[in-house]
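> Shown below is the structure under consideration.
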Ligand SMILES: Nc1ncnc2c1ncn2[C@@H]1O[C@H](COP(=O)(O)OP(=O)(O)O)[C@@H](O)[C@H]1O
Ligand SMILES: [Mg+2]
């Protein structure tokens, strides 16, 4: 395996649900230490694509390739055991459980032997707090605190810290910043950069162009289930990316039209059509 061989790759992947074709001929590559931003409007097929990468769906045709070898991801557990970690919009954490418990969910450290094995709460808390602190969340000092009391950004950070700690090689983030305020989103973006520097292959899904531009090395725009554009950092401007996402409509033209409208209607915004 050479250094810049993709960790994970999709080759001509199609996905249909019965008669409905959702993904068409998707080809993508992600390398270690690289962030691929997957951009697309609602309904473009982003979630279907990442569920295919996470073993939830099997491609209808085409291949998933890991470290240069064709693979079948039999299910989410199989994908996880190969180091593919998915973090969903709300961090996938359990609000009524502690930080330590959430961190070790399904991977609990135990002490004692046989029937006397118990969850090692102190150890879990210590590791969880250390790991989230490494991600810059210094406000978290007590692993017994309930996750429900954390902010959205802190929950995302906890979920990402957990994936990194348990050895993820591919980190899939489904709209991690969509529900966050500016400051919290900035924090999550910094953590995405940390994960990248640790050598993870990151797939970052978003419809926010600014967030994508803050972390992306590579970009793919998905429109109606197909890759409409695929480019590297610096190759397109924010306006060009926004236009691509709007499916070829120029956002600048749209804005200019609204300005013209406002000028000709004494500054009254267009009325909604009823
Ligand atoms: N299980 C399914 N069965 C049928 N159609 C589906 C299924 N999942 C998604 N779709 C359709 O595929 C399209 C893309 O959905 P999705 O992947 O959720 O898009 P996005 O995440 O970009 O908003 C939508 O039109 C949706 O209705
Ligand atoms: Mg989605």
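> Calculate how many DSSP beta bridges within the chain are antiparallel, expressed in % of all such bridges and rounded to the nearest 5.
Details: 24 of 43 bridges.
About 55 percent, rounded to the nearest 5.
> Kindly provide the helix-only [θ] at 222 nm of the chain, computed as the sum of -39,500 (n - 2.57) over DSSP H runs of four or more divided by all residues, to the nearest 500 deg cm²/dmol? If you can, show how the numbers build up before the last one.
On the way: 9 runs with 92 residues, N = 274.
Helix-only estimate at 222 nm: -10000 deg cm²/dmol.
> Using only Cα atoms, tell me the angle between helix 121-134 and the longest principal axis of the chain; keep it within 0 to 90° and round to the nearest 10.
The helix 121-134 is inclined about 40 degrees to the chain.
> Further question on the same structure: Which whole-number percentage describes the relative contact order of the chain, with Cα contacts under 8 Å and a sequence gap of 6 or more?
Working: 515 pairs, mean separation 64.7, N = 274.
After rounding, I find 24 percent.
> Also: So for each of 29-37, 106-114 I average, over its residues, the number of other beta carbons within 10 Å; can you give me the resulting order with the highest mean first? List each step's numbers first, then the result.
Values: 29-37: 21.4, 106-114: 10.3.
Descending mean neighbour count gives 29-37, 106-114.
> So, one more: For the chain, what size does the Cα cloud have along each of its three principal axes, sorted from largest down, in whole Å?
77, 46, 38
> For the chain, find the longest principal axis of its Cα atoms and tell me its angle to the long axis of helix 251-264, 0 to 90°, nearest 10.
50
> Oh, and also: What's the angle, to the nearest 10 degrees (0 to 90), between helix 152-165's Cα axis and the longest principal axis of the chain?
Here the helix axis deviates by roughly 60 degrees.
> Rank-order 122-133, 230-241, 192-203, 8-19 by packing density, defined as the average count of other C-beta atoms within 10 Å over each peptide's residues, highest first.
Values: 122-133: 18.2, 230-241: 13.9, 192-203: 19.8, 8-19: 15.8.
Going by the mean number of other Cβ atoms within 10 Å, highest first, we get 192-203, 122-133, 8-19, 230-241.
Read-outs: derived from the displayed coordinates by stated rules, not from any lab. A quick note: this is a predicted structure, and the numbers were derived from the prediction, not measured. Neighbour counts are summed over all protein chains in view; Cβ atoms, including those assigned to glycine, are modelled from backbone coordinates with ideal geometry.
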